[in-house]
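Every read-out reported here was derived from the displayed coordinates using simple, explicitly stated rules and does not represent laboratory data. In this text the structure is predicted, and so the values were computed from the model without any measurement. Methodologically, a virtual Cβ is constructed for each residue, glycine included, from the backbone with ideal geometry; neighbour enumeration extends over all protein chains shown.
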Amino acid sequence: MTVEWAASVLGLAFGFCLERGGLAFAPKLAAQFYLTDLTVFKVMFSALLTAMLGAFWLDKLGLMDLSQVAMPETFVLPQLVGGALFGAGFLIAGLCPGTSCVAAASGRLDGVAAIAGILAGVAAFNSAYGWIAPFYASTARGAIGFPELLGMSHGLGVALVTAMALGGFWAAERIERSRA
Amino acid sequence: MKSRAYADPYIAGVGIGLVLLAAYAVAGRGLGASGAFSTVVAAGTVAVRGHGAAASPAVAPYLSGGILHDWLVLELCGVALGGFLSAWLAGRFHFAVERGPHLGVRGRVAASVCGGVLMGIGAKFARGCTSGQALTGGALLSAGSWLFIAGCFATAYLLSPVARRLWR
């Protein structure tokens, strides 16, 4: 199987799971921010937990080499500011880039509108790149994990994220029940 | 046709996690979405402005392999196809503009576009979105990915009272 086929097949499975979980329906995503439906958190963190624990243990057992997986590079301020802009957009659109595509593919025109907006946003960024570039490249820390940055072991980082996610799931269930 | 109920969110999440794990193992990289938009915009820029535009440092990194050989573009085409299949099999495929109870169709479309613009710019600064940063980088414990997650959710919750009319 060539890598190109893998990309399409993995994407297909990803899109299928997103739609199954209800993440093509913008009001359901936006409800995350009004604490009436915490599906976004539950799907996102159970996915993160599965991949994180799977990769950690496959690497420990020698079945996978985690050092061969490309870790995104860290740029402290651009990623904080980018995250903030993205969060505002996510709240207003009720969809993110991946779920916009799933929404559009299930016939939802608000998904198509979000896709048009994202393309316009990327084009606007590119047009202004000349004066954005110094900030964009600032506070570079390379491909570094937060445990390394805080001086703890990778395993402790995995344990902390696991504890946080499990605590989050427990809280999410309680919040949903109290608001039902 | 009556549509079926959504899957349990934890099961859908574990499914996505296994797909992400498979991507790490097979391709040495994760999932993504906004990067595909960058490639499409870069190809579009060259098509409109000519090959002179290809040298721009904003688009050059996205022009290396050709749009139909790009990992993220192919992956995102798969995402759309998978989303369509799931919706169609569950009887959920139909044309509609999904919106809050107090928002008209035009207002919703305008909000979608505006939100999209902010996400496009934000994802460029962050070098990824909910897929490429929050999921892929988050599960690898990348420091920047967790900064992205913190910035994204903190801002969305902070602004949620202001955006209430869109959804409530």
If you project the alpha carbons of segment A:75-146 onto the principal axes, what extent comes out on each, in Å, largest first? 41, 31, 19
GNM, chain B, Cα, under 10 Å: largest mean-square fluctuation among B:LEU147, B:LEU89, B:LEU76? B:LEU89
Inter-chain Cβ neighbour average for residues B:57-68, partner chain, 10 Å: 2
Between A:ASP65 and A:LEU150, what FRET efficiency follows from the Cβ-Cβ distance if R0 is 30 Å, with the result rounded to 0.05? 0.80
Theoretical ellipticity at 222 nm over the protein assembly as shown - DSSP helices of four or more residues, -39500 (n - 2.57) apiece, nearest 500: -21500 deg cm²/dmol
Any chance you could get the radius of gyration and Dmax over the Cα atoms of segment A:2-179, in Å? 18.4, 50
Once you put a point 7 Å from the Cα of A:ALA137 and another 7 Å from the Cα of B:VAL105, both along the Cβ direction, what distance in nm separates them? 4.8
Proxy exposure order for B:ILE121, A:ILE175 (fewest C-beta within 10 Å first) is A:ILE175, B:ILE121
Looking at segment B:1-77, which trypsin sites (Lys or Arg not before Pro) are DSSP coil and have at most 16 other C-beta atoms within 10 Å of their C-beta? B:LYS2, B:ARG4
So the compactness index of segment B:99-168, its C-alpha Rg divided by 2.2 N^0.38 Å, takes the value 1.28
In chain B, if every C-alpha pair distance is counted and binned at 10 Å from zero, what percent goes to each bin? 9, 26, 37, 24, 4, 0
Cα-based Rg and Dmax for segment B:1-95, in Å, come out at 17.4, 53
So which helices of chain A fit the span-like rule, where a helix is a whole DSSP H run, its Cα atoms reach 15 Å or more along the axis, and its mean Kyte-Doolittle is at least 0.5? A:3-20, A:39-60, A:76-93, A:109-127
Using every Cα-Cα pair within the protein assembly as shown, state what percent have a distance larger than 31 Å. 27
For segment A:56-86 versus segment A:124-180, the gap between their alpha-carbon centres in whole angstrom: 10
Selected from B:THR155, B:THR136, B:THR39 as most flexible by GNM, with chain B as the system and alpha-carbon contacts under 10 Å: B:THR155
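Could you list A:HIS154, B:HIS94 so that the one with the fewest beta carbons within 10 Å of its beta carbon is first and the one with the most is last?
On the way: A:HIS154 16, B:HIS94 12.
So the ranking, lowest neighbour count to highest, is B:HIS94, A:HIS154.
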